[in-house]
Structures are given as structure tokens and as C-alpha cells.
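What follows is a single structure, written as C-alpha cells, with notes after it.
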Amino acid sequence: VCRWIPQTGEVTAGETVGNDGRLVIDVGAHHVICLSIELGQPDSAPAVVVSPGGGLMDLPAPINLADGWTLEIAGQPAVPVAVDRGWEVQGHPTFAGAGAYRRRVLLPELPSGLCWNLRLPKVHDTAELWVNGVFVARHFAGDACFTLPYFGANIEIELRVRNTGANKYYAGTPYWDGVPRPSGLGAPPCLEASMS
């Protein structure tokens, strides 16, 4: 663990992690600290946050949402889809537009002060999040993270993902290299807990 001094740019080592994998730092009121943390063994240390009361609180492990998704594309009926690769390699190599990924999720209860986030580690290109048919947020270009509003424990997640027009408009032209551009989800979404 290294501490960065914003005023000077100096980096100092010396923060120690206890045997239980926790790092405790006394930070005075209205102070900000910058740290860089390199984990030796990522699975060995639990994720922790500082609770509003000042104590440490364990975060639940992230929940991988790799299965159970359907995809509705181009007005066709929804079909099961893999979310570890885009729709361009799952039968839609020249589709340009929005695809709707859907999945039901049972959210585990969280301690007070925490909330669930939906992380999209690889999305091509833009995404909108809808929960139980209600629009939540939109993200443009690149990986996304959305805070889930509370709609109860059993929710339906809908991700409307839009790709570029390259696969549709470049196919068969001199600009086409024969390889469709990534489209839709390229890695499984996951749920991560954080402070609300």
C-alpha cells in the first residue's frame, strides 16, 4: 500500500495490512487521502468499506450474471444468448441497432448503507438500464456501472445495447475487412455491492 501526497506528487510506502487482510487508516475530519493498493493474492483479502459510523463493514462477494439471459434483436422473438461474446458471433454479424438483453435476478439483502451496482465490464457500444420496465440510466461508450434502484429483491433487468453501424454499412464494401466489429455484451455483467 502506497500513500500519494497530492500537493507534492510524492509517493510513500508504509501503510500495513493486518493478518486479517484489513487496512485501517485514521483519517482526520475533512481530510482526503490517496492510496494505491496492490493485492498479492486477490481472493485472500475481503473487500471492506468504511461504514457511516466509522467502522469497517465486509462487502459481499460480487455475483457473476453469466447465464439466464435472453436477447431480442431486430424485432425477432427473444432467444437465449451467451453474454461472454457479442451478438455478431451469435448469428447477427451485420445487425446494427439496439438489442435488448433481459434476465430476472434475485438480489440478496444488503446491510443498511449498501446498495447493488450492475457492472458491465465489456459493452459495445452504448447501454441503457431498465429495471422492471422503468428506465434507470444510460451510458455512452465503454464499460459501464449502474446503481440499481430498490424495486424489491426479485427484479427484471433489461439492457438495451446499441452498436455502431459499421457491421451493417461496411459489409461487402472495400472498407470491410471481413471481421464484424464487436456488438452487444462482450463479458458477463456482475452485481457488486458498494456504499449507497
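Computed from the coordinates by the stated procedures, all read-outs in this text should not be read as laboratory data. Owing to the predicted nature of the structure, the values given are computational and were not obtained by experimental measurement. With ideal geometry, Cβ positions are generated from the backbone for all residues, glycine too; neighbour counts draw on all protein chains shown.
Here are the numbers:
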quantity: Dipole of the chain [Lys/Arg +1, Asp/Glu -1 at C-beta], most positive-end residue of Thr12, Ala78, Met195; calculated: Ala78
quantity: Given the chain, longest segment not containing exposed loop GluC sites (Glu not before Pro) (DSSP; at most 13 other Cβ within 10 Å); calculated: 110-196
quantity: Potential extension, Ile25-Ala100 segment - 0.36 nm per residue separation minus Cα distance; calculated: 22.6 nm
quantity: Nonlocal amide H pairs with Thr126, under 5 Å, H built at 1.01 Å; calculated: Ala141, Arg162
quantity: Per DSSP, loop chymotrypsin sites (Phe, Trp or Tyr not before Pro) in region 135-182 with at most 10 further Cβ within 10 Å; calculated: Phe140, Tyr175
quantity: Semi-axis lengths, Å, region 54-196, gyration tensor of Cα atoms, sqrt of 5 times eigenvalues; calculated: 32, 15, 12
quantity: Residue with peak Gaussian network fluctuation, the chain [Cα springs, cutoff 10 Å], from Ile33, Ile157, Ile63; calculated: Ile33
quantity: Net charge of neighbours whose Cβ lies under 14 Å from the Cβ of Ala141, counting Lys and Arg as +1 and Asp and Glu as -1; calculated: +1
quantity: GNM flexibility winner over the chain from Leu110, Leu120, Leu185 (Cα, springs under 10 Å); calculated: Leu110
quantity: Dimensions in Å of region 127-181 - Rg and Dmax from alpha carbons; calculated: 16.2, 51
